[in-house]
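Take a look at the structure below.
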Amino acid sequence: MKLHSIRPAKGATHKEKRLGRGEASGKGGTSTKGNKGHQSRSGFKNKMAHEGGQMPIQRRLPKRGFKNTRRIEYSIFNLGQVDHLVEKYNIKEFSPENLYINGLISQTSIVKILGNGELKSKIAFKVNAVSANAKTAIEEAGGTVEILK
């Protein structure tokens, strides 16, 4: 075998279609683009939402609601969950750093504690927000609450 004798396998390559090269090409006249219209012209680009002149779906459907850009999305933990997590992960202080280390939240999450359930363990909380019920329940159990900015 020599470099000058290497060829692609039979059937692996195809001849390129040469459009717009006259009648002898077998694709003459309209060059397989149909008759007239903007699609047959040079420089035609089909826009993503174009539906051939039919009213596009994003314009047919009505607008509904809105997205509040100032909404604060909390990672919520109830007191019943907190007891379970403290036992499972052996957490001494309930803070975003400890929760992130244990893979419970993402690094940018904002943590809020809600008062659903019972808190049995005495634990220190360093969180971004806490409900009034949760705060009283934590202090009754002997824990402390520190609000982070």
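No lab work stands behind these numbers, since they all come straight from the coordinates. Quick caveat, the model's predicted, so the values are computed rather than measured. All Cβ positions, glycine included, derive from the backbone under ideal geometry; neighbour counts span all protein chains shown.
Points worth noting:
- Total residues in region 122-143, condition surrounded by fewer than 17 Cβ atoms within 10 Å (Cβ to Cβ) and under 12 Å from Glu93 (Cβ atoms): 3
- Whenever a residue of region 99-118 is charged (D, E, K, R), its partners that are assigned to a loop (DSSP other than H, G, I, E, B), lying with C-beta atoms within less than 8 angstrom and at least six residues away or across chains, give the pairs Lys112/Asn128; Lys112/Ser131.
- The helices (runs of 4 or more DSSP H) found wholly in region 73-149 and carrying at least 2 residues that are more than 30 Å from the chain's Cα centre (by Cα) and not β-branched (Val, Ile, Thr) occupy 79-89, 132-140.
- Scan of region 1-51 for residues that are part of a helix (DSSP H, G or I) and either within 30 Å of Leu61 (Cβ to Cβ) or in contact (Cβ under 8 Å) with a residue 60 or more places away in the chain (or both), ordered by number: His38, Gln39
- Flag for Glu73 being loosely packed, with under 13 Cβ neighbours inside 10 Å, in contact (Cβ under 8 Å) with a residue 12 or more places away in the chain and within 17 Å of Val130 (Cα to Cα): yes
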